[in-house]
Amino acid sequence: MPTPARRQYLDIKARYPDALLAYNIGDFYEFFDHDAETAARELHLTLTARSFGPGELVPLAGVPTHAIEVYAARLVARGYRVAICDQVSPPGRGLVRREVTRVLTPGTVVEPGMLAPARETYLAAVAIGRRDPATGLPRSIGLAWADASVGAFACVQWSADDLPHALQSELARLTPAEVLISSGLARDDTPEAAWLRPYSLSPCPEDAFEPESARIRLCRHFGVATLAAYGCERLPLATAAAGAIVQYIAQVNAPLLALFSDLHAYDTHGYVELDARAWRALEVVESARVDASASQPGATLLATLDATRTPMGARLLRRTLLHPVRDRAALEARLDAIAEMVERISLRQRLGALLDGLGDLERLAARVAQGAAVPRELLALASGLGRAPAVIEALTGCAAAALTEARAEIDPCADLRDLIERAVADPSEATGRRLRPGYSAALDEMVGTASETRRWIAALESVERERTGIRSLKVGYNKVFGYYIEVTRPNLDRVPDDYSRRQTIATGERFVTAELKEREAQALHAEERIAALEGELYAALLAELGQAHPRLRRTVGALARLDSWLSLAAVAVARRYTRPELADDSALEIIGGRHPVIEATLDGVEFIPNDTHLGSLSDADETPPMRAMLLTGPNMAGKSTYLRQVALITLMAQIGSFVPAQRARIGLVDRIFARVGAEDDLARGLSTFMLEMVETAFILRHATTRSLVILDEVGRGTSSADGLAIAQAVIERLCVVTGARTLFATHYHELAGLAETLPRLGAWRMEVAERDGQAIFLRRVVRGASDHSYGVQVARMAGLPVDVTTRAATLLRERLDASMAVAESPVSYHEDTGAQPERLEGPLAGDERELALALASVNLVAVTPLEALNLLFSLQQRALASLGMSSSTHPYRE
Ligand code: ADP
Ligand code: MG
């Protein structure tokens, strides 16, 4: 029979089976039972045991109350949910009442210490629509996301045409910390379940996603009758996902809902689409190195462009990079703003000084709206707002429309600032008060009386010594009797009549007076009443300030925009970027282009600029305009760098940034595909030929005339003959049928011959000079095909012993005659390039020599893991046959 205390714990725990329950007892949050074991392991706490009544010893691990945020943050970062159970009735007789006040989950944490300053933490929800019976795939999908630290809330819906890539791309952009899905989906073996597997999923009850009840829930939340104003009236699945988010937040941390005053239905067709692999290949916000810790943190486009001065500006810049835009007018507006900043050094300096150290006003404003802001935060908000008038002033007279608009959106919120400065006490003065004197007469009076009482008590000793003439008289305090007057034995005869005796001690007696007791009660009571009144007034102040959240958000949004533009402008000036010319045609003309990231990380070495002419009409001898570039050259010559540089310049143009080039004319793209061939991507452990083909097939199916395709050494995951044939087929298809702007890099110089047969394909090569048998990479892209691969020279540069490279050079000469050539005629291709991995088929001779021959013919250097497995399988088949065993009786066959 559990004790009542244990019973209480078990009851609460039963309601949060999937969370670790942090249970407040006195000055600690305790974890019990299995939770204790988990917490002790994850947090390196000592696991002890505690008796919950006779005979019942349970495991226990605890953390001090003041440190719960730090510990909880660590648990949440490891993917746990932590339910915080607090005491909700004052300690007294019997059991203290306890309740779970909130549940910390990866997608809903808002505590400043638990959040990365420069990136968002998103909670997402995915609602799956009815299935098409023919394909088994959903007809539509809704996605909603929320950033609870600032109150951003948005939703989107796609139909079957866009699926699943639109969902996958959007999730890759958001990288949500937590994704809500219906519990049915969590169990399902559906394709969607596979798409969502990379994310931390939180299953929710099926009905959370029911569109109609979600609609009603959202209407109730916003206090409206229809969702028309939010643009999601005809988007039942977007609505369902948004509704699930509201329901979830209401359960885990209801006060956060106050922040969500708006829902924004959007459309992903306005953005350039890149999938997760492309983002990684281009290293836009994250480095592609697997050993990310070893690579420089600066090796991303974001790090190169980020000179922001506020966390909200940094977050916006990151968002901007992840949302390249397809609308030319919107981009020109941004470019105008940046151009003006680039031209006017005084504007840059003035804005820079104002934004420096401004702090995270966006999250501060949200903390206010949540009712969670402490005085220090309110004062920081007020001081930030104090700079707004100067920002408005600095923007006065600006020509760019985007700057004028930002200026108009900045509201210095003088009333709020005033209120904060009048109301909130400076914590550094350590008065112990949150509110300033003069803010509330009632509070001041209470504080006045209390301090008058304290003064009276403080003065009591000298007053009584004077009155009684007892020099050794003392006023003291203890927990049991409160204040007392102590008189030593020799002086007891001089004690006045109004003293009443309370306690006898070894050296004398302790007394009280009626007035002392009265004052004492007053003092005690006063502190409680002051705290209560101050708490009330402070909450009311927060509520009043919270009302202004929409105003604050607009202001803060404008400041964040200015910060992100200023960052792009500052980097443009420092690195001599130029304004790109945006076009609606398929131009991709870059003069003197550079790789923004490599250029910034090359130490002392000069980066060699290169040109690009694709889809341009200016190159007179190209009719029709060239669409694809086949770039050959040996390893380490600079092919990958060049390809990425072209993609990054295009991406930068489409976020409205200046670009690292002397001049660039960019026909806006709808999607960017970027694929790195298997060998270049070996470290990821994904180097199977099959995967490479699946991805190439995807590009062939989805690229349009407006797309940009970057293929770096694709087709290397198999033996050279296959690789060449496939590479050729892919290029032909992209060039001839699709007409996408394509850059294809390969060290198979044999492929270059293709350029002669395909009119819209141009052959280029990395220029290499040879001196004394050494290859010197000039890093220059020039017309024509590379004629050999310099593999031996590269090996020598890499430090292979001389005798090895010499022997290799001899071998190479011997084999030159037998070198592999490109297939004469174009290979035929089908809708699905679902190429089959090679297999060693053939009659099962069962002869030792045959087996030996088969084994001997394997090129271990060129074989991929998948091929190796297939090979092993076929060898085993033969072996089994030669032993007279049937494969079905083999012990390891299912
Ligand atoms: P490849 O793909 O041909 O093997 P990479 O593009 O990986 O070659 O380039 C190898 C190295 O050469 C890069 O890491 C970079 O440091 C350097 N490099 C490439 N292009 C340039 C350039 N244009 N200017 C200066 N250095 C370059
Ligand atoms: Mg390369």
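Can you pull the accessible area of residue 207 for me, 1.4 Å probe, Å² to the nearest 10?
Accessible area, nearest 10 Å²: 90 Å².
Provide the FRET efficiency to the nearest 0.05 for the residue 489-residue 43 pair, computing r from the beta carbons and using R0 = 45 Å.
It comes out at approximately 0.20.
Suppose accessible area is computed on protein heavy atoms with a 1.4 Å probe; arrange 6, 417 from highest to lowest.
417, 6
Compactness ratio of region 246-375: Cα Rg over 2.2 N^0.38 Å, N = residue count?
Normalised Rg, Cα atoms only: 1.33.
Expressed as a whole number of Å, what is the distance separating the alpha-carbon centroids of region 373-432 and region 10-86?
A separation of 41 Å, based on Cα centres.
How big is the accessible area of residue 429 in square angstrom, nearest 10, if you roll a 1.4 angstrom probe over the protein chains?
Rounded to the nearest 10, the figure is 110 Å².
Please calculate the 1.4 Å probe accessible area of residue 287, with all protein chains present, and give it to the nearest 10 Å².
The accessible area comes out at roughly 30 Å².
Counting Lys and Arg as +1 and Asp and Glu as -1, each charge on the Cβ, what is the dipole of region 435-537 about the Cα centre in debye, to the nearest 20?
Working: 16 positive and 18 negative charges, 110 e Å.
Its charge dipole is roughly 540 debye.
Going from most exposed to least, what order do 636, 446 have by accessible area with a 1.4 Å probe?
So, going from the largest accessible area down, we get 636, 446.
Put one equal scatterer on each alpha carbon of region 73-184, apply the Debye formula with no solvent term, and list log10 I(q)/I(0) at q = 0.17, 0.19, 0.20, 0.22 1/Å to two decimals.
Summing over Cα pairs of region 73-184 leads to -0.89, -1.01, -1.07, -1.17.
log10 I(q)/I(0), Debye, Cα-only region 306-450, no solvent, q = 0.15 Å⁻¹?
Reported log10 I(q)/I(0), two decimals: -0.88.
What residues qualify as long-range amide H neighbours of residue 662, i.e. H under 5 Å apart, gap of 5 or more or another chain, H built at 1.01 Å from N?
Amide H to amide H, under 5 Å and 5 or more residues apart or across chains, residue 662 pairs with 591, 592, 593.
Rank 183, 231, 246 by how far each Cα sits towards the positive end of the charge dipole of region 136-283 (+1 on Lys, Arg Cβ; -1 on Asp, Glu Cβ) and give me just the farthest.
246
Compute for region 1-105: radius of gyration divided by Kirkwood radius, i.e. Rg/Rh, restricted to C-alpha atoms, rounded to two decimals.
So for region 1-105, dividing Rg by the Kirkwood Rh gives 0.94.
Could you tell me the extents of region 196-266's C-alpha atoms along the three principal axes, largest first, rounded to whole Å?
The Cα atoms of region 196-266 stretch 34, 27, 22 Å along their principal axes.
The values are calculated or read from the model by the stated rules, or taken from the named source; none is laboratory data. Small disclaimer: the values here were computed from a predicted structure and weren't measured. When we count neighbours, we look across all protein chains shown, and the Cβ atoms used for this are built from the backbone with ideal geometry, even at glycine. Accessible surface is based on the protein model in full, side chains and every heavy atom, while ligands, DNA and RNA are left aside. Shrake-Rupley method; radii C 1.70, N 1.55, O 1.52, S 1.80 Å.
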